[in-house]
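Taking it in order: structure first as structure tokens, then the write-up.
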Amino acid sequence: MFAGIDKRKLYTPFNIASGIILIIGAVLTVLRFTGGLSMVTNLDDNNPWGLWIGFDLLCGVALAAGGYVTSSAVYIFGMKKYHSAVRPAILTGFLGYSFVVFALMYDLGRPYRLPYPFVVQAGPTSFLFEVGLCVALYLTVLFIEFSPAAWEFMGWKKIRKIAHSLTIPLTIFGVVLSTLHQSSLGGLYLIAPSKLHPLWYSAYLPLFFFVSSIVAGLSMVMFEGSLAHKYYHDKMDRTHLNEASEVVLGFGKAAALVLSGYFVMKVIGIAVDNNWHYLATGWGAWFLVELIGFVALPALAFAIGVREKNRKLIQRTAAWAVLGIVVNRLNVSLIAFNWQLPAADRYFPSWMEIMTSLFIVTLGVTVYRLIVTFLPILHEHPEYKDSH
Amino acid sequence: MLRRKFLGLLGTAGAGLAVGTPAHAAGNKHFEGYPEGNGVLFDATRCIGCRKCEAACQKVNELPVPEKPFDDLTVLETRRRTDDATFTVVNKYGKPDHPVFRKAQCNHCLEPACASACFVKAFEKSPTGAVVYDPTVCVGCRYCMIACPFEVPTYEYDDPITPRVRKCTMCQPRLLEGKLPGCVESCPKEALTFGRRADLIKIARKRIESRPDRYLDHIYGENEMGGTSWMYLSGVPFKTLGMKEHLGVTPAPQFTSGALAAVPAVVGLWPVLLTGVYAMNKRKVKIAEQEKREAVSAAVKKAEQEAADKLAAAMDKAEKDKTSSIEREVAKALKEAAEAQDKENS
């Protein structure tokens, strides 16, 4: 089945770059697990969480939200016309979460004890416990939701039928779990009001993280869709191509609405804690860059794009909003966290940490490319055309 | 009798509910601390920065020997923090001619943030007053270090296989043997006082009352973060000693308990709501389909009726045409016959 690959197509600049990153990543992996965290990271006793939590975990989980957002839109809210977007979204979600857990292995001091909270001793007073439990369960849900594509590829009809029959309960369970762990990632920081800057610290942190994850999910589906269109046009069937522009308009509209709501919530957050005076400080300026530049303006751009049916604008705004989510997560976890520490004690990731994160993203993209090349993701399997 | 028995059972059940389960770590109940819980009172006006406590700590905890010996006081010139090889450090603050010293170590909170944050319950507030850590369950997520408002827990970042969180244990093993913590025992100036926390607060009050010129009227740790077992007296503002003054009096677990309480609500409400939405949409689709079917059949019926009417009308017309043409023919024939007769007659 891999025989059809053309050698000239294999040695593209993109593939060569990916290969180099993967090799460097493999070396860093060896270093990490032989020399300890201090060998590759800039983490210290004041800054126990770095890029691998701020980017790999927080951004990874938020940007993998497309799975629950799309499947609930289609199966629960009855927006059947977006059906062709479900499979790519579920696949991105499944891969996203898998690689989040994979990345976590690098950050945990004793990764081999990852199941301990569930099998040895539970600490349910911890938001991290909720995150762990929900992510573990949701990864299972995503696997079953994704599996029909694999069963179709293998030609195992019976098991595909079973997995497919679970769609509705799994979708509902997936929304419950996503609500819980997306919000819990924000909840992690509730315990440290003395360390996170007041403009970012709020009792509403869980709510902020949950609502912005919806935006992240919608934007990722649109952003990834535009990339897939460019590079995997030949893998898409007519249904997918016809529905794609509908998906962009529909999701753009939803993103405009949710992002506006999120903007209002953030403003209420400042008002409730009466943090207005911080806006006049340097931190306030940076906060406004996030709030105006990465929340209000993208919301407006989405709305304009929808009104004028400007798909290109919506897709570009989606990439912009994705960047905004990354900015927000990095602000909460790294930039505005420990803001009172003297500059010399502040954290900045080492090149090896950045490289490891890049390695994991590249690994994820590579696996995604392999899967959409061989499995029925962007097109329907001919034998199962009308079975949903 | 049956009724009475039933009521009795009901009463028992009610009492059971009223007694309920004890408050747990994330509950909203304020934990006053174990009544016999111990603590240490640090008096910054007495500390001379001799580092004897650091030396004792290293010895009793069998920690690695530092590069510079403990009697080398030049280390006080740079700000230090605890690390995986050092459970306590003394730092110098204030003006060069009037230095003030502060010893830093775990403050052994009454309701520790680390214990609340740990997802394997590796931290425990012991009845002795010490907050102790169990490395046999620790996964190494380091969330305790994020949670701790005093930046106390440290980590063995160099260890690739079995890294541990490291921090002061209030010399728990020694406490259980009836001995004093190493640092307290070694202090030559009685800057450290060990005892029941409740007694320490009384002692601290007495010192403040007897020497108001010497002390600020505040016991740091009496209420900070809901109270700590290690408390501080000082003659200079605590900020000068590098201590956070705006921590508030809320115990750390309470920052998360409210949000955690929303979990059952989400678990309970979401499935019901979403199933409802799903059912509504399914019904909508079903009704739409039904209406479509009805509309189609109505349209078909109407078309059929119209066709039938048309046919009937056409038939009717044809019939009429036929009759009229017959009549016409008959009239014509009659006329012709009449004309023929007229010709014959003429």
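Each value in this text was obtained by applying a stated rule to the coordinates, not by laboratory testing. Since this is a predicted model, take the numbers as computed values, not measurements. Here the Cβ positions follow ideal geometry from the backbone for every residue, glycine too, while neighbour counts run over all protein chains shown.
Quick notes
- Chain A: most fluctuating residue of A:Tyr116, A:Tyr75, A:Tyr189 per GNM, C-alpha cutoff 10 Å: A:Tyr116
- The relative contact order of chain B comes to 20 percent, based on Cα pairs under 8 Å that sit 6 or more residues apart.
- Axial C-alpha extent at least 20 Å, average Kyte-Doolittle at least -1.0 - helices from chain A (DSSP): A:13-35, A:86-107, A:127-154, A:167-187, A:205-231, A:238-272, A:311-330, A:351-374
- Note on the protein assembly as shown: dipole from Cβ charges, positive end direction compared against B:Leu63, B:Val296, B:Cys47; the farthest Cα belongs to B:Cys47.
- Highest-first packing order for the peptide set B:336-344, A:233-241, A:291-299, B:210-218 is A:291-299, A:233-241, B:210-218, B:336-344, based on the mean count of other beta carbon atoms within 10 Å.
- Choice from A:Tyr112, A:Tyr138, A:Tyr231 showing the highest fluctuation, given a GNM over chain A with Cα pairs closer than 10 Å: A:Tyr112
- Label zone at B:His98 (point 7 Å along Cα-to-Cβ), backbone N below 16 Å, region B:190-226: B:212-217
- Computed FRET value (nearest 0.05) for B:Asp213 with A:Ser245, which takes r as the C-beta separation and R₀ as 51 Å: 0.05
- Environment charge at A:Asp45 (Cβ cut-off 15 Å; Lys +1, Arg +1, Asp -1, Glu -1): +1
- Computed [θ] at 222 nm, deg cm²/dmol, chain B (DSSP H ≥ 4; -39,500 (n - 2.57); rounded to nearest 500): -15000 deg cm²/dmol
- Take every Cα pair under 8 Å whose residues are at least 6 apart in sequence, average their separation, divide by the length of region B:102-191, and the relative contact order is 25 percent.
- Where GluC sites (Glu not before Pro) fall in DSSP loop in region A:241-334, at most 16 other Cβ within 10 Å: A:Glu308
- Top of B:Leu273, B:Leu175, B:Leu233 by mean-square fluctuation, Gaussian network on chain B, Cα under 10 Å: B:Leu273
- Counted charge near A:Arg110, where neighbours are those whose Cβ lies closer than 10 Å (Asp, Glu -1; Lys, Arg +1): +1
- Estimated purely from DSSP H runs of n ≥ 4, each contributing -39500 (n - 2.57), the mean residue ellipticity at 222 nm for chain A is -21000 deg cm²/dmol once divided by its residues.
- A crude spin-label estimate for the pair A:Phe33 and B:Val267, with each label 7 Å from Cα along the Cβ direction, gives 3.4 nm.
- For the residue pairs A:Lys161/B:Lys292; B:Lys59/B:Lys92; B:Lys68/B:Lys103; A:Lys80/A:Lys161, the C-alpha atoms sit more than 25 angstrom apart in A:Lys161/B:Lys292.
- The Cβ shell under 14 Å around A:Leu128 holds other residues with a net charge of +1, Lys and Arg each +1, Asp and Glu each -1.
- Between B:Ala85 and B:Ala279, the C-beta separation translates, for a Förster distance of 41 Å, into a calculated FRET efficiency of about 0.10.
- Rounded tilt (10° steps) of B:262-345 against the dominant C-alpha axis of chain B: 10 degrees
- Rounded FRET efficiency, nearest 0.05, which uses the C-beta distance separating B:Asp134 from A:Lys235 and R0 of 51 Å: 0.45
- Under the shape rule built on the C-alpha gyration tensor, where the axes satisfy a ≥ b ≥ c, region A:206-297 is prolate, since a/c reaches at least 1.5 and a/b is greater than b/c.
- Computed over chain A: relative contact order in percent, which uses C-alpha pairs under 8 Å that are six or more apart: 27 percent
- Charged-residue dipole, Cβ positions (Lys, Arg, Asp, Glu), the protein assembly as shown about Cα centre, Debye nearest 20: 640 debye
- Distance between the modelled labels on A:Leu279 and B:Leu73, one decimal in nanometres: 5.3 nm (7 Å Cα→Cβ projection).
- Prolate/oblate/rounded label for region A:16-379 (Cα gyration tensor, a/c 1.5): oblate
- For the protein assembly as shown, the Cys residues with no second cysteine's beta carbon closer than 4.7 Å are A:Cys59, A:Cys134, B:Cys47, B:Cys50, B:Cys57, B:Cys109, B:Cys118, B:Cys138, B:Cys141, B:Cys148, B:Cys171, B:Cys187.
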